[in-house]
Amino acid sequence: MSEVLTKGKLAKEAATKLVAKTTEEKNNALSIIAEQLQKETPYILKENEKDIENGKANGLSDALIDRLLLNEERINGMIESLRQLIYLQDPVGEVLESWTRPNGLQIEKVRVPLGVVGMIYEARPNVTIDASSLCLKTGNAVLLRGSSSALHSNMAIVKVIREALEKANFPADSVQLLEDTSRETAAEMFKLNDYLDVLIPRGGKNLIKTVVENSSVPVLETGAGNCHVFIDESADKKMAIDITVNAKTQRPSVCNAAETLLIHENWNKEYIRELIEKLEEKNVELRVDQALYNEFPHLKLATEEDWETEYLDYTMAVKLVSNVDEAIEHINRYGTNHSEAIITENAANVEKFFKLVDSAALYHNASTRFTDGFEFGFGAEIGISTQKLHARGPMGLPALTSTKYIIKGSGQIRE
């Protein structure tokens, strides 16, 4: 039996035991995982160093190295996300609706775990703890398949999690990691309907496209992030510059970083010059439309491809637009339905932007970098969904549940 089948079967068996766990027991397990992460931080960092060294040797970009990198601050962030999850309400068992029929039948719609969640993800080892902890809190088992570039880090984190689960008297098989990261294992997961209830891809556009097009397991799609910032005519200079620089440079390797900047053509030209200088000070390569190129010929002229590219790096496409309608049209044409921001003092334009832009998260006078489960108060996230069915936006605990109906009677039969 292959590793995928073996570990998928073990996860399915563990899921049947997880449904019996109480909220108190699940929170205790998360607490022990947090303690183990704290205790084993030096071990995890040592294993992460192997991935970083391999990544540099294999020529990975600085942005990808940043996605791989773990340090004490990032591990402390993982621990804090676990602490937050403990205090969040357990959605399992929540009664969403209840009613009584004329014949006396009492019907309740309640939240239940999905079962076994399959995760296929790239680079970022923090996803390993996010996915595992969210699944455990919601009574789901998880089968993880990370990338080869993060294998040592992922193995170390899963080892720590499984040791903690054993201490908590939880089935350690609730969290499974595929150590074979070949394309064949991913392809096998696509067809693992007997053991997986849902498959979640988290990574770049090509990974997501491959999973969606090839999986017979139901897919909960997370989206690539070609995110936009639109600076309207009335935008405050300091606010617009601060938000744009933050959205692009605070951490450019993540999906909620801004990739395209749209500027109203009537915004003060000196403001535009200052913004460009601020971005260049942060080593951002700007690719601009013809109108801006005429004013700033030292910049690169953008191509059609630039408007649709998720750079995940210090590169940004910039375009002048004549009004909010042109900005909305551009975003809906080239965006990936992820996160978009409008910076303006015009309430009517905010309302129009919020109504007509078709994305999961829309911001007024704030950075797109807040599209994140932790920042939304979800403790962590399983990913950011850009589709419209089941869940949309940062997916926290409720997104990892389904529903079932509980019907209570007193002998009713259907005539």
Can you list the aspartates and glutamates whose alpha carbon sits under 16 Å from that of residue 237, skipping same-chain ones fewer than 8 residues off? 265, 270, 274, 277, 345
So, taking all protein chains as they sit and a 1.4 Å probe, how much accessible area belongs to residue 314, in Å² rounded to tens? 90 Å²
Whole-Hz couplings from phi, Karplus 6.51/-1.76/1.60, listed for region 50-64; x for Gly and Pro: 4, 5, 5, 4, 5, x, 5, 5, 8, x, 5, 5, 4, 5, 6
Could you order 390, 152 so the one with the most accessible surface comes first? Probe is 1.4 Å. 390, 152
Of the residues 333, 392, 101, which exhibits the maximal mean-square fluctuation in a Gaussian network model of the chain defined by a 10 Å Cα contact cut-off? 101
What number comes out for the charge environment of residue 344, summing +1 per Lys or Arg and -1 per Asp or Glu over other residues with Cβ under 11 Å away? -4
For residue 73 and residue 403, calculate 0.36 nm times their separation in residues minus their Cα-Cα distance, and state this gained length in nm to one decimal. 115.1 nm
How long is the gain from residue 299 to residue 80 if the chain were fully straight, where each residue apart is worth 0.36 nm and the alpha carbon distance is subtracted? 74.7 nm
Magnitude of the charge dipole, region 1-146, Cβ model with Lys/Arg +1 and Asp/Glu -1, debye to 20: 580 debye
Once each part is reduced to its C-alpha centroid, what is the distance from region 311-360 to region 83-148 in angstrom? 32 Å
Along the charge dipole of the chain, pointing to its positive end and built from +1/-1 on Cβ of Lys, Arg, Asp and Glu, which listed residue (131, 385, 227) has its Cα farthest out? 131
Of the candidates 307, 58, 317, the farthest towards the positive dipole end of the chain (Lys/Arg Cβ +1, Asp/Glu Cβ -1, centred on the Cα centre) is 58
Under a 1.4 Å probe, counting only protein heavy atoms, residue 402 has an accessible area in Å², nearest 10, of 50 Å²
Below 17 Å, Cα to Cα, which aspartates and glutamates can residue 167 reach? Residues fewer than 8 away in the same chain don't count. 24, 25, 35, 40
What does the charge add up to near residue 225, with Lys and Arg as +1, Asp and Glu as -1, over the other residues with Cβ less than 9 Å from its Cβ? -2
In terms of the alpha carbon gyration tensor, root eigenvalues a ≥ b ≥ c, rounded if a/c is under 1.5 and otherwise prolate when a/b exceeds b/c or oblate, region 141-207 is oblate
Which of [x] 64, 27, 18; [y] 30, 24, 22; [z] 40, 28, 19 is the computed semi-axes √(5λ) of the Cα gyration tensor in Å? It is [z]
Which pairs, out of 238/352; 209/269; 46/137, put more than 30 Å between their alpha-carbon atoms? 209/269
Largest first, what is the accessible-area ranking of 405, 195, 293, 334 with a 1.4 Å probe? 405, 293, 195, 334
Hey, got the dipole for region 304-400? About the Cα centre, +1 on K and R Cβ, -1 on D and E Cβ, debye to the nearest 20? 420 debye
Each residue of region 401-409 in order: what ³J(HN,Hα) in whole Hz does its phi give by Karplus 6.51 cos²θ - 1.76 cosθ + 1.60, θ = phi - 60°, with x for Gly and Pro? 10, 10, 9, 9, 9, 10, 10, 10, x
I'd like the distance separating the alpha-carbon centroids of region 159-207 and region 385-412, in whole Å. 22 Å
Roughly to the nearest percent, how much of the accessible area of region 174-261 is carbon and sulfur, given a 1.4 Å probe? 46 percent
Quick one: how many Å² of residue 401 are accessible to a 1.4 Å probe, rounded to 10? 0 Å²
With all protein chains present and a 1.4 Å probe, the order of 395, 239, 1 from largest accessible area down is 1, 239, 395
Student exercise, the chain dipole from Lys, Arg, Asp, Glu Cβ charges, in Debye to nearest 20: 1500 debye
List the lysines whose alpha-carbon lies under 28 Å from that of residue 205, not counting same-chain residues fewer than 8 positions away? 7, 50, 56, 191, 248, 282, 300, 319, 355, 388
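The values are calculated or read from the model by the stated rules, or taken from the named source; none is laboratory data. Note that the structure is predicted; figures quoted are calculated from it, not measured. For neighbour counting, all protein chains shown are included, and Cβ atoms are generated from backbone atoms with ideal geometry for every residue, glycine included. For the accessible areas, the whole protein counts, side chains as well, though only heavy atoms, and no ligand, DNA or RNA atoms are used. Shrake-Rupley method; radii C 1.70, N 1.55, O 1.52, S 1.80 Å.
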